[in-house]
Amino acid sequence: MGHKRRLAENAVHGIFLMLGLVTVGCVLLITVYLVASGIPAIRQIGLVPFLLGDTWGSTAAQPSYGILPFILTSIYGTAGAILLGVPVGSFAAVYLAKLAPAQVRSVVEAAVSLLAGIPSVVYGLVGMLVLVPGIRTLFHVPDGASLLAAIIVLAIMILPSIIKVSITALEAVPKEYEDASLALGATPIETYFRVSVPAARSGIAAAVVLGVGRAIGEAMAVMMVSGNAANMPSLFESVRFLTTAVSSEMAYSSGLQRQALFSIALVLFLFIMLIDAALALFLKGRKEGR
Amino acid sequence: MKRLAALILTAALALSVMTGCAQKTSGAVATDGSTSMEKVIGALGEAFEAHDSSVTFTYNPTGSGSGIQAVLEGRCDIGLSSRHLKAEESAQGLTGTVLAYDGIAVIVGPDNPVSDLDVDTIAKIFTGEIANWKDVGGHDAEIVLIGREAGSGTRNGFESITGTEGSCQYRQELTSTGDVITAVSQNPDAIGYASLASVKDTVRAVTVGGVAPSEDTVKDGSYAIQRPFILVTKADAPLSEAAQKFFDFVTSPDAAELISNAGAVAAG
């Protein structure tokens, strides 16, 4: 009897192990494929002209493959989205976790979950129909498809992850901390911002990193509102991100152009690995910090 | 071991991309050429295979020049070209049969007062030489150029017809005809282009040199921004049975609807 049970136990264990390895296998396959198909173009173009060249003209008579505009645009765009999204998201989280009445909280949290579930093409479409013309008339620029439009769309898209992770972090703060602060005569608001938020800071930092990851990897919505011209980034100029550089030209590309697109994807992949490493570091810091 | 498996899979993936119309068996039709014709020939090939399942259809998107070369060297049955054959190509024993015409409409917002432009002016607008609508009879506003992404057949067609290859100063490069139409409809100072069949009421197509774009003006050649889609075959050697069947199918009146659904104007 016991022998049979152990056998079943081992079989289940084996199945779970296999399922786990599927994920690892996928990551490995994608990594190997990206590196193998991304390296040749970088070799041919040269690492420095590729990363630091400021002109991209993949189908011109004299093709040039410089992706500095894309790299800078991705960094600026993500930074802008964080600048807009983090204050809104973290204050919203403080309100929801500490101040909001239960009914308000359940409604707002449902809305936030819904926001997370909206497909990015819908964000893009609304951006294209509302935001882009809005920016055009509001700022009197010839066309509203710009870095600013992309930043606003990205800021909204990263809100749900920032809010949700921050709420979890804030709720993990031991109640005794807050009670002690209140007992010493601090007002509730003082308590939340002087005690709760600092105590939850590594969790909030993790939320920010998660937002960065989402923003830098977004393609569809950004493609529809940013104009996609390969300009150096500027707030009201049409710009192209690393993600959109890959997706916009992939369909009809061939030869070195296609290889160069894989190289861009490789650069993007390295960025995302960096962000993941940062996230892991924050989470580790949180465990050891307390 | 896993790494090895991953490598082999990768190699298989990479190889599968590179196979073209190298093999030529009976009961197969191999086409090779213009990337702009992808939609039209793809739709026709699919319908043909559904119609006669014993024949397999392949299409190798290489470009008009290489498609013509492939026919000449016997590497495929039918070459696809989005330009007329040059005299020296015809002299080498090739014939071109016009399958369809690709008409490209130049579109502006519905409230734009400019209603007629000629090809030269359009070229100057898209290269940035004319940057304000007032220079072509419109309001005093900066012209916003909206185009397609590099490699798009419509972009390639528009730029090659207007002689602006690689020098268009686009403000927006969008990845679908629908996006271009939406962007133009949202901005009264925008100008863009789209294949004739997909132009909708939200935008207005300008007349080019006084000729409004329509199936008729594209077919009779009076509308300037258009190019032919040509089937290239050898004049002296007969097609294989399967290829002849395909040829007859795509030039028959039955194929006209498929062609117009794919955004082109059937020649027949």
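The values are calculated or read from the model by the stated rules, or taken from the named source; none is laboratory data. The structure displayed is predicted, hence computed values, not measured ones. Counting neighbours? That spans all protein chains shown, and the Cβs are built from the backbone with ideal geometry, glycine included.
Couple of notes before you dig in:
- The number of residues in segment B:97-113 that are farther than 10 Å from B:Pro228 by Cα, surrounded by 13 or more Cβ atoms within 10 Å (Cβ to Cβ) and touching a His at 6+ places or on another chain (Cβ under 9 Å) comes to 1.
- Residue within segment B:231-254 that is within 24 Å of B:Ile107 (Cα to Cα) and within 16 Å of the chain's Cα centre (by Cα) present: no
- Where helices (runs of 4 or more DSSP H) fall entirely within segment B:32-120, those with at least 2 residues that are within 14 Å of chain A (Cβ to nearest Cβ), over 30 Å from B:Pro188 (Cβ atoms) and within 18 Å of the chain's Cα centre (by Cα) are at B:38-51, B:64-72.
- For segment A:25-67, a residue qualifies if it is more than 11 Å from chain B (Cβ to nearest Cβ) and either touching a Pro at 6+ places or on another chain (Cβ under 9 Å) or not hydrophobic (A, V, I, L, M, F, W, C) (or both), and the qualifying residues are A:Gly38, A:Arg43, A:Gln44, A:Gly46, A:Pro49, A:Gly53, A:Asp54, A:Thr55, A:Tyr65, A:Gly66.
- Test for A:Pro160: is it crowded, with 17+ Cβ neighbours inside 10 Å and within 14 Å of chain B (Cβ to nearest Cβ): no
- Helices (runs of 4 or more DSSP H) lying entirely in segment A:109-211 (those with 3 or more residues that are touching an Asp or Glu at 6+ places or on another chain (Cβ under 7 Å)): A:147-171
- Close Cβ contacts (under 6 Å, 6 or more residues apart or on different chains) running from residues in segment B:183-196 that are assigned by TED's automatic domain parsing to the domain that holds B:Thr121 and among the β-branched types (Val, Ile, Thr) to residues that are in a strand (DSSP E or B) and surrounded by 24 or more Cβ atoms within 10 Å (Cβ to Cβ) comprise B:Val184/B:Ile107; B:Val184/B:Ile146; B:Val184/B:Ala190; B:Val184/B:Gly192; B:Ile191/B:Val108.
- Subset of segment A:223-261 that is more than 12 Å from chain B (Cβ to nearest Cβ) and not small (Gly, Ala, Ser) - its residue that is surrounded by the most Cβ atoms within 10 Å (Cβ to Cβ): A:Phe241
- Any hit, segment A:123-137, residues being within 22 Å of A:Glu249 (Cα to Cα) and of a type in the set (Phe, Trp, Tyr): yes
- Check on A:Leu34, under 30 Å from A:Val246 (Cβ atoms), assigned to a helix (DSSP H, G or I) and free of Cβ contacts under 8 Å to residues at least 40 places away in the same chain: no
- The residues of segment B:197-216 that are touching a residue at least 24 places away in the same chain (Cβ under 8 Å) and either at positive phi or not in a loop (DSSP other than H, G, I, E, B) (or both), listed by number, are B:Ala197, B:Ser198, B:Arg204, B:Ala205, B:Thr207, B:Val208, B:Gly209, B:Gly210, B:Glu215.
- So A:Ala215, is it within 23 Å of the chain's Cα centre (by Cα), in a helix (DSSP H, G or I), surrounded by fewer than 24 Cβ atoms within 10 Å (Cβ to Cβ) and of a type in the set (A, V, I, L, M, F, W, C): no
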